[in-house]
Amino acid sequence: MDVGELLSKALSHKADKSSSKNPSIKRKSDAAYENGDYDKRRREEPKGITDEEREKILEMLDNEPETEALDETNLKKMLLNFEKRVYKNQEQRIKYPDLPEKFMDSEIEVNEIIQQMHVIATAPDLYHILVDLNTVQSLLQLLAHENTDILYKIKTLIQSCCVTVVDLIQELTDVDTLNESEEGATAVVDSLLEKQVVAILVQNLERLDENNKEEADGVHNTLSIIENVTEFRPECCTEAAQQGLMVWLLKRIKSKIPFDANKLYASEILAIILQNSDENRLLIGEYDGIDVLLQQLASYKRNDPSNKEELEYMENLFDSMCSCLMRTENRAKFLRGEGLQLMNLMLREKKLSRNSAIKVLNHAMSGPEGADNSQKFVDILGLRTIFPLFMKTPKQAKAGPSSEELEEHITSIVASMMKNCQATQRQRLVNKYTENDHEKVERLLELHFKYLDKVRTVDDQIEREKQRMKNRGEEIEDDDEFYIRRLEAGLFTLQLVDYIMLEICATGPSSVKQRVMQILNMRGGSIKSIRSIMREYAGNIGDAKDPEAKEQEQDRILQLVDKF
């Protein structure tokens, strides 16, 4: 037994503790992969080495010749050797197209040199040489290895070679490594994108069999490459989706195989490419992706995820849905797909999905584009589920929005219905504020004072900061930054609460306004303060896509202020 075999045995024993190849931080989905449905494989792993074997390893390591440090000259020699082996393999493939056993040895040689090339990831400042010598192109060509109608043994070897290439590219594109050398990172990532790396990777994904542990690892590493590249170049998300990635992700998510780390990772990538690209939000709607997401989320209306990895998967689906609903076209698909009914059921069932369902409803009903969904939500008796949550904000779950974010989402849903509902639906909504001796009006005022205090606190902090800046002779130029801080501290929720207050006072029964004034007087509230908040809201509201709608909304708010 040589040192390589002994080391392999030792390293396989430590495989669960650390990766011998990749020093990057372990992902949550990696943990899921190791702790998922692979207990049987773990039981079959070799046991620990003996003392005798350990001593032999140490002795052999002492006798191993020192390897040369990787510099430009050594790298070029390695890449030249790689190209020679690839050329030899291609030559034999052409010469013996029907005798794959003839090029089996050359496949092994290519695989071996690719394994050696992992050392390149330790020198990102030399990445430009990979581009200069066209090595990136050669690596991607290896991923396109044809292996149909080949003897099983050869086919397995070729798939192993493809997985090895994926593993190498994943290590080369690791974000931590890329950040070490911006010039080298830019060169290799731009070269990969220029050669349509995502399209090639997706084609390779279609050939991988995830029932095979090595190939399942290959799928995981492929998704890691895509994540690394999109994180380094977010603008490439649209092109990646159009190169087949969107179709593959939707197919993988809706597959009937048991939940595993790759399904989790696919949901993460889907959420990323939707978050970064409006074109992708339109594209997923064209691929019936709204229905796919709704079908997958339906599993959680009465059942909670079985573990934290599946919980993360569920949240990724909700995040993807929220991104999709930023497109008007997808809101119509959401409505036709009975997404409102599903979210309403989740609100009633009080499972872990409830809080994220609230967030989705907010995205579906906000703005003028949410008018149809707002009307329909009243029709399906959604008022019976949303107002109990308005009266008592749900606690933060293991995942999803915080309590204050939930309060904002719920208030925003109610405000959207006030803006969008017409005729009988609006009357049913307004009547809610007279029930049980105007208890919802009291809750509205309770939220008003709660968030008014928060805003006053942050206003005081901002004033002190501005004074310190003046004392240092600094100019205060960016008021927008301070306004955003105020919004995040609670101003946005306060604006929504006060908007609802003005609406029900203007259009509801007279008893509603009487109760509002009564509570304001009891608690020392100020009508002037509410008017000021709403004028500021009107001044900052806007829709860059529709200036006319912006002007109408501003006029509506100012009219309510005048009536109050």
Restricting to segment 94-108, give me the number of residues that are under 30 Å from Thr177 (Cα atoms) and crowded, with 18+ Cβ neighbours inside 10 Å. 1
Residue that is among the charged types (D, E, K, R), within 19 Å of Leu126 (Cβ to Cβ) and either at pLDDT 85 or above or not assigned by the TED database to the domain that holds Phe82 (or both), where the choices are Glu231, Glu171, Glu194, Glu182: Glu171
Could you tell me whether Leu172 is under 25 Å from Glu107 (Cβ atoms), out of contact with any Ser or Thr (no Cβ under 8 Å at 6 or more places or on another chain) and surrounded by 21 or more Cβ atoms within 10 Å (Cβ to Cβ)? yes
Based on what the data block shows, is Tyr451 aromatic (Phe, Trp, Tyr), farther than 21 Å from Leu558 by Cβ and in contact (Cβ under 8 Å) with a residue 24 or more places away in the chain? yes
When you go through Leu75, Leu70 one by one, which is the residue that is open to solvent by less than 90 Å² (accessible area, probe 1.4 Å), modelled with pLDDT under 85 and closer than 26 Å to Ala121 by Cα? Leu70
Quick one: in segment 175-192, which of the residues that are of a type in the set (S, T, N, Q) and not in a loop (DSSP other than H, G, I, E, B) is surrounded by the fewest Cβ atoms within 10 Å (Cβ to Cβ)? Thr186
For segment 488-519, how many residues meet the condition of being within 20 Å of Val430 (Cα to Cα), in contact with a helix residue (DSSP H, G or I) (Cβ under 7 Å, 6 or more places away or on another chain) and in a helix (DSSP H, G or I)? 21
Looking at Leu151, Leu223, Leu140, which is the one that is closer than 19 Å to Ile108 by Cα and at pLDDT 85 or above? Leu140
Working only within segment 437-461, note down all residues that are open to solvent by less than 20 Å² (accessible area, probe 1.4 Å) and hydroxyl-bearing (Ser, Thr, Tyr). Tyr451
Residues Glu194, Glu231: which one is over 22 Å from Glu315 (Cβ atoms) and among the acidic types (Asp, Glu)? Glu194
Looking at (1) over 38 Å from the mean Cα position of the chain (by Cα); (2) over 25 Å from Leu406 (Cα atoms), which one does Glu463 not meet, given that it meets all the others? (1)
Run down Thr434, Thr385, Thr424, Thr411 and say which single residue is open to solvent by 40 Å² or more (accessible area, probe 1.4 Å), out of contact with any Pro (no Cβ under 9 Å at 6 or more places or on another chain) and part of a helix (DSSP H, G or I). Thr424
Of Asp304, Asp291, Asp278, which residue is modelled with pLDDT of 95 or more and surrounded by fewer than 19 Cβ atoms within 10 Å (Cβ to Cβ)? Asp291
Within segment 291-307, does at least one residue satisfy the condition of being in a helix (DSSP H, G or I), under 16 Å from Val202 (Cα atoms), out of contact with any Gly (no Cβ under 6 Å at 6 or more places or on another chain) and not basic (Lys, Arg)? no
Residues in segment 253-266: is at least one closer than 27 Å to Gly370 by Cα and either assigned to a helix (DSSP H, G or I) or open to solvent by 20 Å² or more (accessible area, probe 1.4 Å) (or both)? no
Any idea which of (1) open to solvent by 80 Å² or more (accessible area, probe 1.4 Å); (2) farther than 25 Å from Gln196 by Cβ; (3) hydrophobic (A, V, I, L, M, F, W, C) is the one Val119 doesn't satisfy? (1)
Test result for Ser224, polar (S, T, N, Q), open to solvent by less than 50 Å² (accessible area, probe 1.4 Å) and farther than 25 Å from Gln141 by Cβ: no
Do the conditions hold for Ala31, that is, is it in contact with an Asp or Glu (Cβ under 9 Å, 6 or more places away or on another chain), open to solvent by less than 70 Å² (accessible area, probe 1.4 Å) and modelled with pLDDT of 85 or more? no
Being assigned to a helix (DSSP H, G or I) and open to solvent by less than 60 Å² (accessible area, probe 1.4 Å) is the filter; apply it to segment 462-487 and report the residue that is modelled with the lowest pLDDT. Met469
Is there any pair linking a residue in segment 303-323 that is over 17 Å from Asn362 (Cα atoms) to one that is open to solvent by 30 Å² or more (accessible area, probe 1.4 Å) and not in a helix (DSSP H, G or I), with Cβ under 6 Å and at least six apart or on different chains, and which? Asp304/Lys351; Asp304/Leu352; Glu310/Phe259
Just give me the residues in segment 329-346 being assigned to a helix (DSSP H, G or I) and open to solvent by 10 Å² or more (accessible area, probe 1.4 Å), in sequence order. Glu329, Arg331, Ala332, Lys333, Leu335, Arg336, Gln341, Leu342, Leu345
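The values are calculated or read from the model by the stated rules, or taken from the named source; none is laboratory data. Predicted model only: the values in this text are computed from it and were never measured. Here the Cβ is made from the backbone with ideal geometry for all residues, glycine too, and neighbour counts use every protein chain on show. Side chains are part of the model used for accessible areas, which takes the heavy atoms of the whole protein and leaves out ligands, DNA and RNA. Shrake-Rupley method; radii C 1.70, N 1.55, O 1.52, S 1.80 Å.
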